[in-house]
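Values quoted throughout were computed directly from the atomic coordinates according to the rules given, and no laboratory measurement underlies them. All values derive from a computational prediction rather than experimental measurement. Every residue, glycine among them, receives a Cβ derived from its backbone with ideal geometry; neighbour counts consider all protein chains shown.
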Number of protein chains: 2
Amino acid sequence: MRNVEIKGYGYYVPEETVEFDGQIRHRIPSGSKETQLSMAVEAALAALKKASIDIKDIDCIVSASAVGIQPIPCTAALIHEQIAKGSSIPAMDINTTCTSFVAAFDVISYLIDSGRYNNVLLISSEKASSGLNPKQKESYELFGDGAVAVVLSRCNDGSSGVIFGKQKTWSEGAHDTEIRGGLTGLIPAHYSEGPEEYCFDMKGLKVLKLAGRKLPKFFKEFQKESGYTIDDIDMVVPHQASKALGMIMPLLDIPSEKYIDIVPQYGNMVSAAIPHAFIWAVENGRIRKGDTVLLIGTAAGLTANALLIKY
Amino acid sequence: MRNVEIKGYGYYVPEETVEFDGQIRHRIPSGSKETQLSMAVEAALAALKKASIDIKDIDCIVSASAVGIQPIPCTAALIHEQIAKGSSIPAMDINTTCTSFVAAFDVISYLIDSGRYNNVLLISSEKASSGLNPKQKESYELFGDGAVAVVLSRCNDGSSGVIFGKQKTWSEGAHDTEIRGGLTGLIPAHYSEGPEEYCFDMKGLKVLKLAGRKLPKFFKEFQKESGYTIDDIDMVVPHQASKALGMIMPLLDIPSEKYIDIVPQYGNMVSAAIPHAFIWAVENGRIRKGDTVLLIGTAAGLTANALLIKY
């Protein structure tokens, strides 16, 4: 077990909601001063407060969001400017799209366990509503905005830690979920030639089929390699990918009482979805300190990440 | 020392050059089929070949570029699609802008040393020419395109390794080097209102002043914490930031024979600049197997990374 604990967490979800057939999505309304950056900052400050730690004692700021704020510099540097200006805390982005939080938690746990860093502030913030295509009903109605931050700290008494992490990427799904335009592949100068190229584009059924084909084996391997079966796990926090969660979880033999599903209330908050559902579960008594918790999800790529922690 | 070796390397630099006052820059010409992705793929395949390793034996593909190819999915997944389709190798992006290669090498060395991964393919590819502003002479004449890849492998005999790594970020410089538009901060839909907002923008003198003020202390601390002084280091490979390299290195008391400067021949290849200068030094006999080598540089942020390796 890698000696890391979640010392504190914070989140920010826009108050404004839109509703589609009873499904609620929190989204920044046009004209609001809320941005991807402001949400990241609110979540980060709340996490620092909850952890009772001063920003001066943070050794690294990691942004783990799917989409950045600017192409340059990295998102972590822009968050740094708001909460750590004048300090020299290193800032870095880690990205596997929707599972960025889980991948970054996994990677950073090695740096904390080895003693490189004692306290890392990890933030996932997404303004998905920036890039939705109203003509693509399925994805247009799915996403929500929001941000989550956690303080990951060295845990010396063995009470908390990272038990096992695993990632896989199957790039036959690389174009099933994408935003093509905005960077070097399709530069912003060509925007007027095809604005939809700069919007989120999801082939939902293809993603679902590929995930349905790959995930059961992935999760079987995970259980075998980690030595933990679903019976040893207290709660599963899956990526809140879509309403299809209820179809995917049975394929993994995860019973309905053992996973968190808040898609009806929040939708898919991209990289913030897994940590937000985790916090929701903690605050609603579904996860308790000491529980063995599995964070698991798929991301554009197609990527799957799973991370088993003792909370 | 973390047990990691550079088992092989590869690079791709476009043949086409432009010249500014005798300074040569390799850039993808308009109409060429070369892209950020094609360069990444060429470099990756060359690195695999040089390492005599099959893609099947790679445990993780990491893209460490400043600017991505698409907002979604991450760049590593798109590279995966070209060289590892059909496999399930995990793909991930790590980003600290210009020093992404050094930061990712540093981070990944923990995962290799701990046994999580045995062989990691690390790629930095940049098509800087995509986003240059012809009206900003200083940056317009500075950048070059290109890609570099290395295979990082477990080294069990202690002959190679990572000796010490350090990063700092000073966000008072967050807006001295940036591309503001293209992602959520300034979405592509507003392109026509101010195309320059989507171009690279550098306040060169401000960056130079901030780096000049911060780097000497950073490098002093690095030497103290690592226990290595400049006398123990065989060669320094600095970020090929600009012609000002000759002004910055003396501030760090690094003598001219002890660092690589190929800015006149290649300019600033963004995240590919440090690993490209490293390979150039190896191929030109300036760095030999077993040498103690310092990779060091600054990035938008302002971030500084330094990584001391035994090659």
In the stretch B:184-311 the DSSP beta bridges are antiparallel at a rate, in percent to nearest 5, of 60 percent
at A:PHE20 the sorted inter-copy label distances (label 7 Å from Cα on Cβ side), in nanometres, are 4.6
Note to self, chain A gives a 222 nm [θ] from helices alone (DSSP H runs n ≥ 4, -39500 (n - 2.57) apiece, / all residues, nearest 500) of -8500 deg cm²/dmol
Expressed in angstrom and rounded, the centroid-to-centroid distance over alpha carbons for the stretch B:225-291 and the stretch B:28-105 is 24 Å
Around A:ASP291 (Cβ within 15 Å, Cβ-to-Cβ, excluding A:ASP291; K/R +1, D/E -1) the net charge comes to -1
Per GNM of chain A with C-alpha springs under 10 angstrom, the most fluctuating residue out of A:LEU186, A:LEU251, A:LEU132 is A:LEU186
Relative contact order of the stretch A:162-310 (C-alpha contacts under 8 Å, at least 6 apart) in percent is 36 percent
Among chymotrypsin sites (Phe, Trp or Tyr not before Pro) in the stretch A:157-237, those in a DSSP loop whose Cβ has at most 16 other Cβ atoms within 10 Å are A:TYR228
Per the Kirkwood formula over distinct C-alpha pairs, the hydrodynamic radius of the stretch B:162-310 in angstrom is 16.4 Å
Checking A:GLY31, A:GLY182, A:GLY165 against a Gaussian network model of chain A (alpha-carbon springs below 10 Å), the top fluctuating residue turns out to be A:GLY31
For B:SER114, inter-copy label-point distances (7 Å, Cα→Cβ), nm, shortest first, read 0.8
Partner shielding of B:171-180, as the mean number of partner chain Cβ atoms within 10 Å, equals 6
With the label set 7 Å along Cα→Cβ, A:GLU225 is separated from its counterparts in the other copies, in nm and shortest first, by 3.1
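Where both residues lie in chain A, what percent of DSSP beta bridges are antiparallel, nearest 5?
About 75 percent, rounded to the nearest 5.
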XL table A:LYS224/B:LYS85; A:LYS217/B:LYS49; A:LYS49/A:LYS220; Cα-Cα > 27 Å flagged, in table order, is A:LYS217/B:LYS49; A:LYS49/A:LYS220
Expressed as a whole number, the average count of other chain Cβ atoms within 10 Å around the Cβ atoms of B:76-88 is 6
Most exposed first, judged by fewest Cβ atoms within 10 angstrom, A:ILE55, A:ILE89 run A:ILE55, A:ILE89
Taking A:LYS214, A:LYS137 and counting other beta carbon atoms within 10 angstrom, the fewest-first order is A:LYS137, A:LYS214
Across B:LYS203, B:LYS33, B:LYS217, the residue with the highest GNM fluctuation in chain B (Cα network, 10 Å cutoff) is B:LYS33
If each K or R counts +1 and each D or E counts -1, the residues other than A:LEU111 whose Cβ falls under 13 Å of its Cβ total +1
Quick note on A:ILE248, B:ILE163, ordering by fewest other C-beta atoms within 10 Å, gives B:ILE163, A:ILE248
Contour minus Cα-Cα span, B:ASP157 to B:ARG288, at 0.36 nm per residue, comes to 45.4 nm
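For the stretch B:4-158, what is the convex hull (Cα atoms) projected area averaged across all directions, in square nanometres?
Taking the Cα atoms of the stretch B:4-158, their convex hull projects to 10.2 nm² on average.
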Rounded to a whole number, the Stokes-Einstein D of the protein assembly as shown in µm²/s (Kirkwood radius over Cα pairs; 20 °C; 1.002 mPa s) is 89 µm²/s
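Express the Stokes-Einstein translational diffusion coefficient of chain B in µm² s⁻¹, to the nearest whole number, given a Kirkwood radius over alpha-carbon pairs, 37 °C and a viscosity of 0.692 mPa s. Walk me through the numbers on the way to the answer.
On the way: Rh = 19.5 Å.
Answer, rounded: 169 µm²/s.
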Note, B:GLN70: beta-carbon cut-off 12 Å, +1 each Lys/Arg, -1 each Asp/Glu, net -4
